[in-house]
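Here's the structure, in structure tokens; my notes come after.
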Amino acid sequence: MFAVLPKTLLVPRTIKLNTASLSEAIKIIFNDRTNRRGYHEVVGDVLTPSQIMGIDHLRDPRLNKGLAFTLEERQALGIHGLQPARYKSQEEQVQLCKMSVENYQEPLNKYLYLSELHDRNEKLFFRLLSENIEQLLPIVYTPTVGLACQRFGLIYRRPHGLFITINDKGHVFDVLKNWPEPDVHAIVVTDGERILGLGDLGACGMGIPIGKLALYTALARIKPHHCLPICLDVGTDNEALMVDPTYVGLRQKRARGAEYDEFLDEFMSAVVKRYGQDTLIQFEDFGNANAFRLLEKYRNKYCTFNDDIQGTAAVALAGLLASNRKTGKKISEHKFLFFGAGGAALGIADLCVKAMEREGMSEAEARQRIWMIDVDGLVTKCRSQLLGHQKYYAKEHNPEKDFLKLVNEIQPSILIGASATGGAFTPDILRSMASFNKHPIVFALSNPTAKAECTAQQAYDHTEGRVVFCSGSPFPDVHYDGKIYHPGQGNNAYIFPGVALGVILAGVHHIIEDYFIIAAQTVADNVKEEDLAKGSLYPPLGSISEVSLQISTLIMADAYKNGKATFYPEPEDKRKFVESQLYSHFYEKSLPSTWKWPEAPKIPTKPLTSKTKITVS
């Protein structure tokens, strides 16, 4: 029995379909270059016109321009008639998309609209995001991304990254090979155990790597096809997710211990095998028990950093450096009290110690100025167990649990919240801070907004308006004593895109702490007096792209100066080199380049006949 394959498959011959030849038929079908191409099948930096069909320009988000295709392009590509006649410039499209986003009332609906835009028109999505970062950053990242992660099972549509499960142990490299892009430079990976302040969301935590890498491109213009979001699905201990019918991950308890460590080791080595030693791997939202441990384990073996520890530390340090102009004090002249002693708090403390060392203080003296309290009270040396770097900040003191009592005893000038405990900075605590500080520094860094230790309005109300405040999530303007303040958000987006860009372009193999101090100082240097006057310790969000370019340029300079760079020859003008490597979110011509040859000389030839003698050289 013979069967002619459908015309859409365009197989050049009929095949006798029996069991023996079925696999051969499938190979012919899927190896035929004239077959219909799939979603996002265009890969690599250099696109080969002979491998792109006309219809791909409508199907593939990397090629699609919507109604911005010219008449010439539509006709030449064979897509004329598949769209309405109207031509719209990219500028018109951006304006229409902005209006569409604004028409949605619920943040999650705005998120879904932007996700759908990303799926169909990549350049339009990134141009819209980069040109409206103040409006859209809270949608594509905190706080809305937290809600998107909670609803991930409901809103999941198309793949934006890889899910590698603990059941794939022994075959991680085989899974990595399934990602179609051959040239990945940056990976953001999570195991979903501690998503923002929401806890264990398992595979639903994939929204975080997707959001982070969108900011890599929007804010540092790293090419999107060089970025790969990954979720390591090792199970979940969230009982509610286990029984949730919409949950998309493994329904099993989290793998821990040796099995977990072996899986992570295999993942790290598989990344290097697939993409090279200088592939940047950013760890995101790992649980406290693993975050510091994995950072210490891998930081000198791979090109890696943990954004919750080092990115948060750098953006907090940037705010503190900027606050010096308000308080008149250096970092080394402050006394710190942290509410929270997890990865984020310890990362900030460690970087502040390095900053104090740069001001001439010894490491031991710097650590002595930092106090920490967590759910078990003050971190003291008499504790039975100190996690990670907690031992550096443990004090010879009774294990006091009364937060207000500790504030009054220690009298810190800087109060930093990294606890995910909403409302922890009570009116009494804020009033106490104001009683012994002319300008109390209060950083409520936990997010999302509901987890913040206090609101911006509360901070101003209970410190007589003298507070120097920043938060991890955005707050509305503050009205106090006839003035309006615009408190700045200590968003890691000021830090990680620029650090990543500099590390990638210099070919750095190991990311050192100095790069985060460079990033923090650069952010602080971009804070203008008018920013401080309105209550912000950070430059406007709209300036992050420029700040990222400055950070990447300075990191490249430091990497070459100290022998950390591997890209050669060393660019003479590093800023110019960085700019030459950036992704463009503007439309390009969709037709292959054409050019003319010079007119051929007219050389008479002999007539070709059956008796013509062929000359063979």
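The values are calculated or read from the model by the stated rules, or taken from the named source; none is laboratory data. All values derive from a computational prediction rather than experimental measurement. Here the Cβ positions follow ideal geometry from the backbone for every residue, glycine too, while neighbour counts run over all protein chains shown. Just so you know, the surface numbers come from the protein's heavy atoms only, side chains and all, with ligands and any DNA or RNA stripped out. Shrake-Rupley method; radii C 1.70, N 1.55, O 1.52, S 1.80 Å.
Structural remarks
- Listed by chain and number, the lysines placed with their C-alpha closer than 25 angstrom to that of residue 401 are 335, 381, 391, 451; residues fewer than eight positions away on the same chain are left out.
- Alpha carbon convex hull of the chain, volume per residue in cubic angstrom: 238 Å³
- Around the Cα centre of segment 311-461, unit charges on the Cβ atoms of Lys, Arg, Asp and Glu (plus for the first two, minus for the last two) sum to a dipole of about 280 debye.
- Estimated 222 nm signal from helices in the chain, with DSSP H stretches of n ≥ 4 weighted -39500 (n - 2.57), rounded to 500: -12000 deg cm²/dmol
- Neighbours of residue 382 by Cβ distance under 13 Å: Lys/Arg scored +1, Asp/Glu scored -1, total +1.
- With the biggest extent put first, the Cα atoms of segment 191-298 measure 39, 31, 23 Å across the principal axes.
- Percent antiparallel among DSSP beta bridges (both partners in the chain, rounded to 5): 15 percent
- Computed Kirkwood radius, in angstrom, where 1/r is averaged over Cα pairs of segment 351-424: 13.4 Å
- Long pairs among 88/123; 329/564; 297/395, criterion Cα-Cα beyond 24 Å: 329/564; 297/395
- Spread of Cα-to-Cα distances over 10 Å intervals beginning at zero, given as percent, for segment 461-617: 9, 25, 19, 15, 10, 7, 6, 4, 3, 2, 0
- Of 62, 194, the order by accessible heavy-atom surface (1.4 Å probe, DNA, RNA and ligands excluded), from most exposed downward, is 194, 62.
- Multiplying each eigenvalue of the alpha-carbon gyration tensor of segment 250-311 by 5 and taking the square root yields semi-axes of 19, 16, 10 Å, largest first, rounded to whole angstroms.
- Residue-level accessible surface for residue 446, protein heavy atoms, 1.4 Å, Å²: 10 Å²
- Accessible solvent surface per residue of segment 292-366, calculated while the other protein chains remain in place, 1.4 angstrom probe, Å²: 31 Å²
- Ranking 131, 529 from most to least accessible surface, computed with a 1.4 Å probe over the protein chains only, gives 529, 131.
- Cross-link partners of residue 98 among aspartates and glutamates (Cα-Cα below 20 Å; sequence separation of 8 or more within a chain): 106, 116, 119, 122, 131, 134
- Under 17 Å from residue 574, Cα to Cα: aspartates and glutamates that are on another chain or at least 8 residues apart: 546, 558
- When only alpha carbons of segment 297-359 are considered, Rg and Dmax amount to 12.9, 41 Å.
- Relative packing of 448-456, 153-161, 486-494, 506-514, which averages over residues the other C-beta atoms within 10 Å, highest first: 486-494, 448-456, 506-514, 153-161
- Selected from 61, 287, 566, residue furthest toward positive end of dipole (the chain; charges at beta carbon): 61
- Span from the segment 468-498 Cα centroid across to the segment 561-611 one, whole angstrom: 46 Å
- Segment 378-409 versus segment 203-242: alpha-carbon centroid distance in Å: 35 Å
- Normalised by 2.2 N^0.38 Å, where N is the number of residues, the alpha-carbon radius of gyration of segment 51-96 equals 1.11.
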